[in-house]
Amino acid sequence: MNVYIDHENEPVLDWADDEGHYFDEDLDDDKDSQLSDDIPYEHEADDYIPSLDKTIGDEFLHRVSGMCKDINDEAETDEVETKNGDDKPVYPVHNENQKWDKMVPILGMRFSNPMELKNCLTNYAVKNGYNLYFEKNDSQRLLVRCCKENKNPSCPFRLWASWMSSERSFQIKSLVDEHNCSRVFKLGSIVTYKWIGMHFKNQLLKNPKMSIRKMKAKVSTKFNLIVSVTQCRNARRYALDEIEGSLIEHYGKVWSYGEEIMRTNPGSTVKIDVNVMPDSTTYFSKMYVCFKGVKDGWIAACRRVIGVDGCFLKGICRGQLLAAMGRDANNHIFPIAWAVVEVENKETWKWFLDLLLDDIEMGIGHGLTLISDQHKGLIEAVKERVPAAEHRQCARHIYANFKKSFKGEQYRKLFWAAAASTTQPKFEAEMNSIKKIDPLAYEHLMERDPKSWCRAFFEVDRACDAYENGISESFNSVIDLARKRPLITMLEEIRIYAMERMYKMLQEGQSWGNLKICPSIRLKISKLKKQQRFWGVIPSGIQQYEVRIGNDGYAVDLNNNTCGCRSWQVSGIPCVHAVAAISYLNRNAEDYVAPWFHTAMFLTCYNHTINPLNGSSMWPEAPYMKPLPPQKRRLPGRPTLKRKKDQSEMESKGKTRHTISKAGSVNRCSICRERGHNRSTCPTRPADVASTSRPKNKKPKKCKKEKGKVEPVQVDPVQADLVDPVQVPAPQVDPVQADPVDPVDVPAPHVEPVQVDDPHPDVDVPAQPVATRQRIRKYSERITKIGLRRKVLKKEGSTGHNPMVLE
């Protein structure tokens, strides 16, 4: 809200900050204090929902992000005309940030240049449908009228503007703002392609592939205006050129952004690679970022388990984002490092893993566990760069590929039972059940190396039993909006998210009080305590017990923190058998949890922070050649913005089909009952069995006839006389070569007798010939029975004889 203050020579400006905002020294404007930290923390998506728009006030970062101030948004109104103490008029100043449909020319309004006034008049004309035109238009003056003389000469609107003599402002000197004309929907040259392009710049940033016809329809709907396709084409080209120019400036500050990170966060790692062309042109290639506070927190108090994954960028800047995610003591995500590359392949993953291992000081991976999807380049890079690490593959991706060939609820239950089994005998039992159903399904899973996706083969003492890469998928979902922004803007949003999250988690951990273990682990222990009452405990020796239920029995050793099911050794959290033995001794199961899950570890992890950065206008200049945006790389197929969701994900959200889909089903032959073909292409189909593969609504293809060859045609006896013989021309022979060329004999048409079943055997009916080299007339050329009768009567010269009636 704008408030006009008559300060009477008082130092009012001393009350305001640099941006003109008034403040009180006693007020606390800390935005973090407005957020509540008392919400119980169980899952990242439930408690902490980040707002990835913290950089929206930076004009540079959001110049090409589609999130800058839109010309269609609300803004402050123009200043009204007032008078000062000397009775001199103070004319209003045009506000270029005002919403376009609120702009109205006012007598005496001042503009910085004629272009601002023209833009204001264009918005005014489009909003009200006035057919304005510039009668005089140059750099010094502007005369505007409404409706040309040949259309409506009676409209009195007139505007005259020129430069002021006392100051450098372009002012409306005279204005008659009355109209008596009707609304028009097709304006003249006052609506330019630049005006359309500026209104659609943000939309083209989000959807650069917007079609011209779609833009034309949007203009018609939004502005109630009719424009041509050429105007939209030029507007689209103009907007994209403006975006391209802004992108060059955006990527030109990549080096400055890296220098600012290294200046404010000493010890951090920032690597920027560029591609230098033979003509010395430099293009951006990839960038890696890892902050000092993040890697120190992971080294000090996080388990040696990292999830790595890549995701596509969705905005005007194409490429892929590679990220490494750790797990904190509360079993939640902990971003470690991230990088932007042009394409996800073996070379980029090797480059990323080399920098990551140097930052976290893990060498070749001794004691390290990596979890990833089945990307071939990543698998090969891990084998070369981290040979000593345990590499787990996401079981969800394994099942997604398995489901393509082997569908069904029975397969699903058996697969996940095999993946969750913690002992090798149990895993083999589940796999044998799959083998009995289909040996091919068994071979398919065994070829995927069960040691990488089954808990029965995981390394112990890693305090993590995860067999799917959910932490990386969660991070990709959190930064979904940031992935639509330009390069530096996206990296800044991720940095601010990680910095703010570390502060929030530190405040959350300090509010837990004297809790020994983190809340999510306490929740698991409480569920196990409810289940342990069904198990019987038999003491054996000192701190050794046998826990049984029915035919199942497991040996528990509380001294070594082990159980026969291996779940305790793999996860670091006592299993239900261990909880039963601990409860038998009336002890607290939380005392047997691995130290990785203690609250002290959680606070140690988040005690390290990311130092803040200055705004983009204060970044230092780097002594390097500014890179250009990466060259466009077109992928095969039609690009998509949304991730393709699996059917299981759709079912989990309640979006189920109401009919059975046959998509992906394999056809089975109805003759040999084999898959992969139908009866029309069956190799064992008998000759007398017809093919029914052709659809009912599809006509059979016509056979192509060879040139010069005429097929014999059966002619109806009634229409035998209606068939015109085809004249076969004699071959043309050159008179000079007449002697050496043999004459060509043209055989006469062959006629064969045809037996016709006659209902009147007493009447002699001659045999009808089979005509060759003849054609049947088209339907439009056929003669009806009446026409046939007239033709026969005319030929015989009689009017009483009826040839259609047998005597």
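Laid out as a table, the results:
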item	result
Tally of residues being open to solvent by less than 20 Å² (accessible area, probe 1.4 Å) and either of a type in the set (Lys, Arg) or not in a helix (DSSP H, G or I) (or both) across region 353-380	6
Number of the condition not met by LYS148 [criteria: (1) of a type in the set (D, E, K, R); (2) in contact (Cβ under 8 Å) with a residue 12 or more places away in the chain; (3) closer than 21 Å to TRP195 by Cα; (4) open to solvent by 40 Å² or more (accessible area, probe 1.4 Å)]	(3)
Subset of region 216-239 (residues that are of a type in the set (A, V, I, L, M), surrounded by fewer than 17 Cβ atoms within 10 Å (Cβ to Cβ) and within 26 Å of LYS99 (Cβ to Cβ))	ALA217, ILE226
Checklist (1) closer than 30 Å to ARG396 by Cα; (2) touching a Phe, Trp or Tyr at 6+ places or on another chain (Cβ under 7 Å); (3) in contact (Cβ under 8 Å) with a residue 12 or more places away in the chain applied to THR562, failing item	(3)
Conditions (1) at pLDDT below 95; (2) closer than 14 Å to ILE360 by Cα: number failed by PHE291	(1)
First in region 348-360 and closer than 15 Å to SER285 by Cβ and among the basic types (Lys, Arg), second anywhere and open to solvent by 20 Å² or more (accessible area, probe 1.4 Å) and assigned to a helix (DSSP H, G or I), Cβ under 9 Å, 6 or more apart	LYS350/GLU380; LYS350/GLU384; LYS350/ARG385
Any chance LYS214 is more than 27 Å from PRO114 (Cβ to Cβ), in contact (Cβ under 8 Å) with a residue 40 or more places away in the chain and within 30 Å of the chain's Cα centre (by Cα)	no
Count of region 507-526 residues which are open to solvent by less than 30 Å² (accessible area, probe 1.4 Å) and among the aliphatic types (A, V, I, L, M)	3
Residue in region 456-475 that is modelled with pLDDT of 90 or more, of a type in the set (S, T, N, Q) and over 19 Å from the mean Cα position of the chain (by Cα) present	yes
In region 388-423, the residues that are among the polar types (S, T, N, Q) and more than 21 Å from THR369 (Cα to Cα)	ASN401, SER405, GLN410
Check on HIS577, open to solvent by 10 Å² or more (accessible area, probe 1.4 Å), touching a residue at least 12 places away in the same chain (Cβ under 8 Å), farther than 24 Å from MET505 by Cα and touching a helix residue (DSSP H, G or I) at 6+ places or on another chain (Cβ under 9 Å)	yes
Residues satisfying the stated conditions in region 182-215, i.e. among the polar types (S, T, N, Q) and either loosely packed, with under 12 Cβ neighbours inside 10 Å or over 15 Å from ASN123 (Cβ atoms) (or both)	SER182, SER189, ASN202, GLN203, ASN207, SER211
Check on ALA381, closer than 19 Å to LEU321 by Cα and touching a Leu at 6+ places or on another chain (Cβ under 9 Å)	yes
Helices (runs of 4 or more DSSP H) (entirely within region 487-606) containing at least 1 residues that are of a type in the set (D, E, K, R)	487-510, 519-531
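Condition check ((1) closer than 30 Å to GLY509 by Cα; (2) among the charged types (D, E, K, R)) across all residues:
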position: ILE336; (1), (2): yes, no
position: ALA339; (1), (2): yes, no
position: TRP351; (1), (2): no, no
position: ASP354; (1), (2): no, yes
position: GLU361; (1), (2): yes, yes
position: ILE379; (1), (2): no, no
position: LYS383; (1), (2): no, yes
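Yes or no, residue by residue, for (1) closer than 28 Å to LYS216 by Cβ; (2) aliphatic (A, V, I, L, M):
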{"position": "ASN113", "(1), (2)": "no, no"}
{"position": "LEU121", "(1), (2)": "yes, yes"}
{"position": "ASP138", "(1), (2)": "no, no"}
{"position": "LEU142", "(1), (2)": "no, yes"}
{"position": "PRO156", "(1), (2)": "no, no"}
{"position": "PHE170", "(1), (2)": "no, no"}
{"position": "GLU178", "(1), (2)": "no, no"}
{"position": "CYS181", "(1), (2)": "yes, no"}
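To keep it simple, each residue is scored yes or no on (1) among the polar types (S, T, N, Q); (2) surrounded by fewer than 23 Cβ atoms within 10 Å (Cβ to Cβ); (3) closer than 20 Å to VAL294 by Cβ.
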{"residue": "LEU313", "(1), (2), (3)": "no, yes, no"}
{"residue": "CYS317", "(1), (2), (3)": "no, no, no"}
{"residue": "LEU322", "(1), (2), (3)": "no, no, yes"}
{"residue": "MET325", "(1), (2), (3)": "no, no, yes"}
{"residue": "ILE336", "(1), (2), (3)": "no, no, yes"}
{"residue": "LYS346", "(1), (2), (3)": "no, yes, no"}
{"residue": "TRP351", "(1), (2), (3)": "no, yes, yes"}
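Yes/no matrix, rows are residues, columns are (1) aliphatic (A, V, I, L, M); (2) part of a loop (DSSP other than H, G, I, E, B); (3) without any contact (Cβ under 8 Å) to a residue 60 or more places away in the chain:
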| site | (1), (2), (3) |
| --- | --- |
| VAL382 | yes, no, yes |
| ALA388 | yes, yes, yes |
| LYS413 | no, no, yes |
| SER433 | no, no, yes |
| LYS436 | no, no, yes |
| LEU445 | yes, no, yes |
| VAL460 | yes, yes, no |
| GLU468 | no, yes, no |
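The values are calculated or read from the model by the stated rules, or taken from the named source; none is laboratory data. Computed from a predicted model, the values in this text were never measured in an experiment. Please note: Cβ atoms are built from the backbone with ideal geometry, for glycine as well, and neighbour counts cover all protein chains shown. Protein only, heavy atoms only, side chains kept; ligands, DNA and RNA dropped before computing areas. Shrake-Rupley method; radii C 1.70, N 1.55, O 1.52, S 1.80 Å.
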